[in-house]
Amino acid sequence: MKNKKEEEFRKEIADYTKNNPSYLKQVQKFYDIADNIENEELKKDIIYQMLKCGASLTKLIKEDEENNV
């Protein structure tokens, strides 16, 4: 079971990403490029890794914001 802080963090990230046109544009560009990868396993690996990187960066930004408040 997820703790309350993690759930709040996930909701904040979801809200931010859904309402940020610049982010959405960049993600769409990434998926457009990834769509051209013919090797399906490689494509999945690259997309998965990009999502992990995005989550890590978002977590770092959130921690930085909390530390600077």
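Readers should treat all values here as calculations from the given coordinates under stated rules, not as data from a laboratory. The structure presented is a predicted model; accordingly, all values stated were derived computationally and were not measured. No Cβ is skipped: glycine too gets one built from the backbone with ideal geometry, and neighbour counts run over all protein chains shown.
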**OP:** Only helices (runs of 4 or more DSSP H) wholly contained in the chain count here; list those with 1 or more residues that are in contact with a Lys or Arg (Cβ under 7 Å, 6 or more places away or on another chain).
**Re:** 4-18, 21-34
**OP:** Sort out which residues of segment 16-33 are more than 14 Å from I61 (Cβ to Cβ) and not polar (S, T, N, Q), and write them in order of number.
**Re:** K18, P21, L24, K25, V27, K29, F30, Y31, D32, I33
